[in-house]
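Only one structure is covered here, and it is reproduced in the block below.
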């Protein structure tokens, strides 16, 4: 009987394990900004696909990445507050089913991160 | 750092300072340079809103003054109705009432009239320092709506008509009743027959007072309409100004944050990428 119970054992099947390991390795090898951009991509992808649950999870990831630690400098917290406001606004958009509006806002930030990241890389190469 | 990067950074800094100003002021048009047409329209709409609000303030002042005038004239009307009752009692009782009783009626009538003597009229009925009873109030030049010519006395307003924006002299209103307002009612100074009741004159005086009350109440109605109109104008012009001028906060916050990402990458990274979590790929 156990051999028919594939659903239970599915997460442990070799292909799944390999995929999971690949994902972990791929993400671990990313820089923080690249990971952040990936999270934006996940949010935007799911918003445009209409997957409310996954887009909300991705926005939650973005919120969890914010730095409100007590030792953080004031200007860092100030910028983090700006991000938080936007993420909360996106959440509100998702609740009101304005998925495209939320996707557009996040896209704008994602593109800024990418541009900034590229610029940073250029500077590193030139240094 | 190459020249392109420096240029991009300068541009990002400039954009950032502009969006920060936008967010701080709550306005997307902060100077003529931002949007010439928008600035002009927003300023004109703001002026219109303020003028309409000021005109409504004038109207409310006039309303308050008219309230006091109406309340006082209603007192005069009540006194005149009492005079009418006394007149009827006096005329009906002139053959059956004793001299003392007739004298008492006359004294009450004269005492009532005395409340409206010149001294009383000169001091008791004022609004904000202005005497209401002498007919000296002239509302014709009071600006009741937007536009320099939109005054209470303007032909386009229903306040018009001969002397329509000037209240009546109250002494004249009372004097139509032919009951003297300056009779001496002190003990010993009053003789029977001093007050001559004229039922027709009292009737006329009552009519005059009621006509004046109706006129004042009519002004109030017109003023209320004017206030409603001013308020509607003020709110619609304020909405117009807001459409041109006020910030879409979400868009401005995104612009400001985007500016921070571009010009302060290290700080922005500390603020928004402070995590070791790696779940993103699992979300696709």
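Computed from the coordinates by the stated procedures, all read-outs in this text should not be read as laboratory data. Computed from a predicted model, the values in this text were never measured in an experiment. In this analysis, Cβ positions are derived from the backbone assuming ideal geometry, glycine residues included, and neighbour counts consider all displayed protein chains.
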> What is the distance, in nm, between label points placed 7 Å from the Cα along the Cα-to-Cβ direction at residue B:284 and at residue B:131?
Replying inline: 9.2 nm
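Rounded if a/c is under 1.5, else prolate if a/b beats b/c, else oblate: with a ≥ b ≥ c from the C-alpha gyration tensor eigenvalues square-rooted, which is region B:70-206? Don't skip to the answer; put the middle values down first.
Working: a/c = 4.06, a/b = 2.49, b/c = 1.63.
Because a/c hits 1.5 or more and a/b exceeds b/c, region B:70-206 counts as prolate.
Among B:96, B:51, A:76, B:185, which comes first, then next, by fewest other beta-carbon atoms within 10 Å? It would help to have the intermediate numbers written out before the result.
Details: B:96 7, B:51 20, A:76 23, B:185 17.
Listing B:96, B:51, A:76, B:185 from fewest to most nearby Cβ atoms yields B:96, B:185, B:51, A:76.
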>> What whole-number volume per residue, in cubic angstrom, does the convex hull of the C-alpha atoms of region B:127-267 give?
In response: 205 Å³
> How are the Cα pair distances of region A:23-127 distributed, in percent, across 5 Å bins from 0?
Replying inline: 2, 12, 20, 22, 19, 15, 7, 2, 1, 0
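When A:98, A:54, A:38 are ordered from fewest to most other Cβ atoms inside 10 Å of their Cβ, what list results? All intermediate terms of the calculation are to be shown ahead of the outcome.
Working: A:98 14, A:54 18, A:38 22.
Ranked by crowding around the Cβ, least crowded first: A:98, A:54, A:38.
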> By how many nm would the segment from residue A:78 to residue A:18 lengthen if fully extended, with 0.36 nm per residue of separation less the alpha-carbon distance?
Replying inline: 17.5 nm
> Taking the inverse of the average 1/r across all pairs of different Cα atoms in region B:166-223, what Kirkwood radius in Å do you get?
Replying inline: 13.3 Å
